[in-house]
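Down below is the structure, laid out as structure tokens.
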Amino acid sequence: MSIQYCEKCMSFFLHTPNTTYVIGIVNGKYLGHIYYGKKIQNQNLRHLMGVKADPSADNINPGDTGIFYDNFPFEYNFRGIGDFRECALDVHTMQGHHGALCEYRSHRIFKGKPTLKSLPATFGSVAECETLEIELFDPVISLTLTLSYTVFADNDAICRHVRVRNSGSEPVYLDRVLSAHLYLPENAYDVITLHGSWGRERGICRRPVSYGISRAYSSRGVSSHQAQPFIAVMSPNTDQASGEVYAMNLVYSGNFIAQTDGLVNDDVILQIGINPDDFCWKLEPGEYFTAPEAVMVYSAQGLGGMTRTFHDLYRKHLIRGKYKDCKRPVLLNNWEATYFDFNTEKLLDIARSASQRGIEMLVMDDGWFGNRFDDHRALGDWVVNEEKLPGGLPYLVSEVNKLGMKFGIWFEPEMVCPDSDLFRAHPDWAIQVPNRTNTTLRWQYVLDITRPEVLEYVWNRLYSVLSSANIEYVKWDMNRALTNIGSQDLPADRIGEFYHRYTLAVYELQGRLTSEFTELLLENCSSGGGRFDPGMLYYSPQIWCSDDTDAIERLKIQEGTALFYPLSSIGAHVSVCPNHLTGRSVPFETRGHIAMLGTFGYELDITKLSEEDLEMIPKQVEMYHESNDLVRGGDYYRLASYAENHFVDAYMVVSKDKSRALLTMVAVTYRINHRAFLLRLQGLDPIANYYIPAMDSHFTGDALMNAGIFIPSPWAGGDYRSFVWKIERED
Ligand code: GLA
């Protein structure tokens, strides 16, 4: 890891362990992108910007500046001056004039990484990372732009963010401040974005980059089920193990765009940042705005290389708290077991049976408060319903604790139902536009937590419930999109700040929660995986992945999620069959195998299980304890994708020292007359000897990876069969 500035060629060189990123200064003021890719040595590469190699040479014809502005590969580009490509910064003045041209002014290189004000971000010590800040300035509107880049000693990601300061004497309005803009040279590229819906999150969508804009976005106020704040472009032949990939992920939980702009000269611009639609931030003199952090990854080892870089970065430099590096308790959540129909006795029956089988925590989901007998009412009334839970939380929790189990609880703090005491007392606390009938979604409104009194109410309720008993886990839910954006507090020219202010308020609440209750395990959730993003991972080491708990559906959902989020963050439970959403029945063992490569837990009424299924639980729990360090800390390799081949899914995790591995394979559909499946493993040490207990056989790593293993169909005669095999090095 190192960052250097070369005075002679007026270029910055950012080196990660295996990659290099180069930026140049042209005409003493224009910042241009030179190179991003495999590690190279420092040298004069200015010709790659389409300019003269001599940094003192003039490259711009003052009589015809537009040609330069519209062709130069700006490191960060501006609307309004003649650059007609998708811009990174759009700003207008009090007079309504758009336009900026920020010119290089200074830079500094230092050890460590500063935090981002009020925003989640990756972190690292002074020994672990180094940062470059380049300051640019627009003298006409006195706008200071700081571009910040951090490289890490142990990771190939480059984390960047942008800060804009109004150094003038009049307000300016930011219409767009993207977090990253990357200019890629002429090439054929494929692009991957992820899409889905409730119950079908994060499907991988790959297609060729074409001319014009291709955009994944959210305008729902959350990162959403529909898209991910992620984009990757790659050489068209890229697969899991080879090919060049450029990826970006935004550390943000609100509205975003992630897009390519395919230019007519066949260059491609890759961008990520806050969604400029519905965004306009007023910057008073002296104020500054910080855009969320973007994580950039270049991989020369295909998608698999990209995946492992993201996993390592997030596990080491984003996820925090007590559970960052340790095993989470095996939990049982009562949602699919009881829905709203539960009371203390029912929960204790479940807990008793669960504790006998090694389950370590009971999580009480929705329905414990106010008049919440269904999802039509009571959100906001965070007072225990003593009809259901006589003796309240202190009694229930202590009974659960007596069984040797921890206790966790569900919350949806950002919401209020029209039918609730809270709404009757404070109808103005819901986000709304005056005179327009407010839109209900799941019979609820969203609280305007950008208002201090509303935020304080929410915080006080959370605090008081969590301090009332020994609660060791919270599932923080968020079950609807934001609509009808109006505000009691913001003037008309600041309404465009609302969505971002809302996201900041969520961060404020979760920041308070995690610093006040340091022992708490927080799991984020949003109707399943509607807010599964790096911003949330900064507060919670795990996120509920999807309300679709059907193990076979989960193969696709978890594959998409694991493309850049670590397995340790993927909330995955064994639920009952036929599955409540899909009606599909999958063997209990397979359901366990598929949940095992996530956080692992149960979401079913254990008192109603068959003896056969019940007997399997202690074995699954044992397997979890045995393998979880590998799942949490190992390298993930995808071997086969059911989403692609409609037949079989296979993946493995390999310990960092390559001494242990876990291979999961799911034969989704039974194939008549199919003798066996040839599986080539990945990630092992080619010259080491390995033992596979399930085969009682010994192989070298190179044989396992090149010749593969010929797995006889162990599932003969049925769909949805699976196994998890151990692989052990013998030295
Ligand atoms: C959302 C969550 C579920 C469950 C319900 C409760 O849909 O994703 O897991 O908590 O809310 O209402």
Handout entry: Local net charge near ASP550, Cβ-Cβ under 14 Å (Lys/Arg +1, Asp/Glu -1)
Key = -3
Exercise for the section: Excluding residues on the same chain fewer than 8 positions from LYS475, give the lysines whose Cα lies under 21 Å from its Cα. Expected result: LYS322, LYS324, LYS327, LYS346, LYS388, LYS406
Practice task
Among PHE340, ASN385, VAL400, pick out the residue whose Cα is farthest towards the positive end of the charge dipole of the range 326-407, where Lys and Arg carry +1 and Asp and Glu carry -1 on C-beta, about the Cα centre.
Solution key: VAL400
Problem - Inter-site label distance for LYS619 and GLN4 at 7 Å from Cα along Cβ, in nm - result: 5.9
Exercise for the section: Just name one of THR664, MET695, GLY683: the one whose Cα is farthest towards the positive end of the charge dipole of the range 650-702 (beta-carbon charges, Lys/Arg +1, Asp/Glu -1). Expected result: THR664
Handout entry: In nm, spacing of pseudo-spin labels at SER235 and TYR395 (7 Å Cα→C-beta vector)
Key = 6.8
Fill in the blank from the handout: Summed over the other residues with a beta carbon less than 10 angstrom from that of ASN237, with K and R at +1 and D and E at -1, the charge totals -3
Practice task
Compute the Cα gyration tensor for the range 629-692, then decide on rounded, prolate or oblate, letting a ≥ b ≥ c be the square roots of its eigenvalues: rounded whenever a/c is under 1.5, prolate when a/b is larger than b/c in the other cases, and oblate in all that remain.
Solution key: prolate
Problem - Förster radius 56 Å - calculated FRET efficiency between ALA127 and ILE67, Cβ distance, rounded to 0.05 - result: 0.75
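Would you please put 423-430, 230-237, 84-91 in order of how densely packed they are, using the mean number of other Cβ atoms within 10 angstrom per residue and starting with the highest? Mind showing how you got there, number by number?
Working: 423-430: 16.0, 230-237: 20.4, 84-91: 22.6.
Listed from highest to lowest mean packing, they are 84-91, 230-237, 423-430.
Treating the beta-carbon of each Lys and Arg as +1 and of each Asp and Glu as -1, no other charges, what is the dipole magnitude of the range 1-75 about its Cα centre, to the nearest 20 debye? Could you put the intermediate results ahead of the total?
Numbers: 6 positive and 6 negative charges, 70 e Å.
It works out to roughly 340 debye.
Find the accessible area per residue for the range 92-238; the probe is 1.4 Å, ligands and nucleic acids are left out, and the unit is Å².
Values: 5530 Å² over 147 residues.
Here the per-residue accessible area is 38 Å².
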Completion exercise
So, over other residues within a Cβ distance under 10 Å of SER214, counting Lys, Arg +1 and Asp, Glu -1, the net charge is +1
Handout entry: Pairwise centroid distance, computed over Cα atoms, of the range 33-84 with the range 551-623, Å
Key = 52
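Where a ≥ b ≥ c are the square roots of the eigenvalues of the C-alpha gyration tensor, would you call the range 596-657 rounded, which needs a/c under 1.5, or, failing that, prolate if a/b is larger than b/c, or oblate? List each step's numbers first, then the result.
On the way: a/c = 2.95, a/b = 1.44, b/c = 2.05.
Here the range 596-657 falls in the oblate category.
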Practice task
With +1 on each Lys and Arg Cβ and -1 on each Asp and Glu Cβ, and nothing else charged, work out how big the dipole of the range 404-503 is about its Cα centre, in Debye to the nearest 20.
Solution key: 240
Practice task
Under 28 Å Cα to Cα from LYS38, which lysines show up? Leave out anything in the same chain fewer than 8 places away.
Solution key: LYS8, LYS29, LYS52, LYS111, LYS113, LYS316, LYS656, LYS658
Exercise for the section: Quick one: what are the phi-derived ³J(HN,Hα) couplings along the range 83-95, Karplus 6.51/-1.76/1.60 with θ = phi - 60°, whole Hz, x for glycine and proline? Expected result: 9, 8, 7, 4, 9, 9, 10, 10, 9, 10, 9, 4, 7
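Give the accessible surface of the range 323-367 per residue, rounded to a whole number of Å², with probe radius 1.4 Å and ligands, DNA and RNA excluded. Could you put the intermediate results ahead of the total?
Numbers: 1400 Å² over 45 residues.
Each residue of the range 323-367 exposes 31 Å² on average to a 1.4 Å probe.
Set the Förster distance to 41 Å, then compute FRET efficiency between ASP58 and ALA643 from the Cβ-Cβ distance, nearest 0.05.
0.15
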Completion exercise
With x for Gly and Pro, the residue-by-residue ³J(HN,Hα) of the range 152-168, computed from phi through the Karplus equation 6.51 cos²θ - 1.76 cosθ + 1.60 at θ = phi - 60° and given in whole Hz, is 10, 6, 10, 8, 8, 6, 10, 9, 10, 8, 9, 10, 10, 10, 8, 9, x
Handout entry: Centroid-to-centroid separation of the range 629-682 and the range 144-204 [C-alpha atoms, Å]
Key = 33
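What length, rounded to one decimal in nm, is gained on full extension from PHE710 through to ASP341, with 0.36 nm per residue of separation minus their alpha-carbon distance?
On the way: separation 369, 0.36 × 369 = 132.84 nm, distance 4.87 nm.
Here the segment from PHE710 to ASP341 would lengthen by 128.0 nm.
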Practice task
Compute the separation of the alpha-carbon centres of the range 296-326 and the range 519-549 and state it in Å as a whole number.
Solution key: 17
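Pop out the carbon and sulfur fraction of the accessible area of the range 34-163 as a percent, whole number, probe 1.4 Å. Walk me through the numbers before you get to the answer.
Numbers: 2900 of 5590 Å².
Ligands and nucleic acids excluded, carbon and sulfur give 52 percent.
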Fill in the blank from the handout: Relative contact order of the chain (C-alpha contacts under 8 Å, at least 6 apart) in percent is 10
Practice task
Would you work out if the range 478-623 is rounded, prolate or oblate? Take a ≥ b ≥ c from the square roots of the eigenvalues of the alpha-carbon gyration tensor; rounded if a/c is under 1.5, else prolate when a/b is larger than b/c, oblate otherwise.
Solution key: prolate
Handout entry: Cα centre as origin, Lys/Arg/Asp/Glu Cβ charges: the range 326-391 dipole, Debye
Key = 380
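Let me have the 222 nm mean residue ellipticity of the chain computed from DSSP H runs of 4+ only, each contributing -39500 (n - 2.57), with the sum over all residues rounded to the nearest 500. Can you show the working numbers first?
Numbers: 13 runs with 142 residues, N = 731.
It lands at -6000 deg cm²/dmol.
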Handout entry: FRET efficiency estimate (nearest 0.05) - Cβ-Cβ, ILE40 to ARG424, R0 60 angstrom
Key = 0.35
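The values are calculated or read from the model by the stated rules, or taken from the named source; none is laboratory data. Values in this document were obtained by computation on a predicted structure and should not be read as measured data. We place every Cβ from the backbone using ideal geometry, glycine too, and count neighbours over all the protein chains shown. Heads up: the accessible areas ignore ligands, DNA and RNA and are worked out on the full protein's heavy atoms, side chains in. Shrake-Rupley method; radii C 1.70, N 1.55, O 1.52, S 1.80 Å.
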